[in-house]
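**Q** Take this structure first; my questions come after.
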Amino acid sequence: MSGFGSGFKRVDGVPEDAVRMAWILDQIAQRSAVRELKAFALAELAPKAGEDALDVGSGTGEDVAALRGLTGCAVGVEPSEGLRAESVRRFPGLEIVDGDALKLPFDDASFDVVRCERVLQHLADPAQAVAEMTRVLRPTGRIALIDTDWGTALLHPVVPGVYERLTQALLADSANPYAGRTLRALLADNALTITAETAATWIEPQSGAREGFLPTMIQAGAANGTITPAEAEALTQTLAEAADRGAFHMSLTMYAVVAVKP
């Protein structure tokens, strides 16, 4: 799971936060880059009937449901009580358990298929998480990691100095902002054999100048003192004027890597 930058935090049973997080996940799931990487990972994992599948950080449960439809046996791990409840509401009978990616609540060699999407960027110790996923994977089992690299974010037009400060604050406040570029290394360091990898570019629509991640980032920057209210207003106006003439651009790169356990 993942949200709009560092504003996406764990839910601890607060219903209104769970609603907001589910809404954010729904918005992200509509992005073409996310859909492309989901489809790539699923095709490469090739889950088969009778196999056991695991989705780490299962969010609203859609990927667990997809795995269950293919294998007949899938479970999600999600630390948010609110999102676990939302998953079961959307997909009755779905198995979603409380758990931590750094200490998965399963025995060794329990799964044939493991996937983890947009979770590692939120973890201070992604290596431990991937080691845990490797531990619960059976020999010849497949694993797919999907994540964003916030260091690839591009914006045009910008107010000189303002966006740089916002970006640096975002990167500093994120647990693991460069997660995407490390996926291959995390898998290779666990002696897994890389079988496929790809990337997709997330390009914001022109409406992204006025709604979604970017305005939220600008507002947060003004609220926490990263930029002044006047700078926030100037950047917001610059982006809105660019969008009005179809000249706004914001993009970042997401990566997916698939591997097999020998």
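The values are calculated or read from the model by the stated rules, or taken from the named source; none is laboratory data. This structure is a prediction, so every number in the text was calculated from the model and none was measured. All Cβ positions, glycine included, derive from the backbone under ideal geometry; neighbour counts span all protein chains shown. Only protein heavy atoms, including side chains, enter the accessible area calculation; ligands, DNA and RNA are left aside. Shrake-Rupley method; radii C 1.70, N 1.55, O 1.52, S 1.80 Å.
**Q** Carbon and sulfur atoms: what percent of the 1.4 Å accessible area of the chain do they account for?
**A** 54
**Q** Set the Förster distance to 25 Å, then compute FRET efficiency between residue 198 and residue 165 from the Cβ-Cβ distance, nearest 0.05.
**A** E between residue 198 and residue 165, to the nearest 0.05, is 0.15.
**Q** Excluding residue 183 itself, what net charge comes from residues whose Cβ is under 10 Å from its Cβ, given Lys and Arg +1 and Asp and Glu -1?
**A** Computed value for this residue: -1.
**Q** Could you list the residues of the range 132-159 with an amide nitrogen less than 16 Å from a label point located 7 Å from the Cα of residue 107 in the Cα-to-C-beta direction?
**A** The answer is 135-139.
**Q** Oh, and also: Tally Lys/Arg at +1 and Asp/Glu at -1 over every other residue whose Cβ is under 15 Å from the Cβ of residue 112; what's the total?
**A** Combined, the nearby Lys, Arg, Asp and Glu give +1.
**Q** Follow-up. Express in nm, to one decimal, how much length is gained between residue 172 and residue 29 on full extension, taking 0.36 nm for each residue of separation and deducting their alpha carbon distance.
**A** 48.9 nm
**Q** Going by alpha carbons, how many degrees (0 to 90, nearest 10) lie between the helix axis of 62-71 and the longest principal axis of the chain?
**A** Helix 62-71 sits roughly 20 degrees off the main axis of the chain.
**Q** What ranking do 151-157, 20-26 get when scored by the average of other Cβ atoms within 10 Å per residue, highest first?
**A** 20-26, 151-157
**Q** If I take R0 = 22 Å and measure r between the Cβ atoms of residue 207 and residue 43 in this structure, what FRET efficiency does the formula 1/(1 + (r/R0)^6) give, to the nearest 0.05?
**A** 0.15
**Q** Further question on the same structure: Sum -39500 (n - 2.57) across every DSSP H segment of at least 4 residues in the chain, then divide by the residue count to get the 222 nm mean residue ellipticity, nearest 500.
**A** Estimated from H runs of four or more residues: -13000 deg cm²/dmol.
**Q** Find, to one decimal place in angstroms, the Kirkwood hydrodynamic radius of the range 75-213, where the mean of 1/r is taken over every pair of different Cα atoms and then inverted.
**A** 17.2 Å is the Kirkwood radius here.
**Q** To test your reading of the geometry: what angle, between 0 and 90 degrees and rounded to tens, separates the Cα axis of helix 229-244 from the longest principal axis of the chain?
**A** Computed tilt is about 80 degrees.
**Q** How far, in degrees from 0 to 90, does helix 213-224 lean away from the longest principal axis of the Cα atoms of the chain, to the nearest 10?
**A** 70
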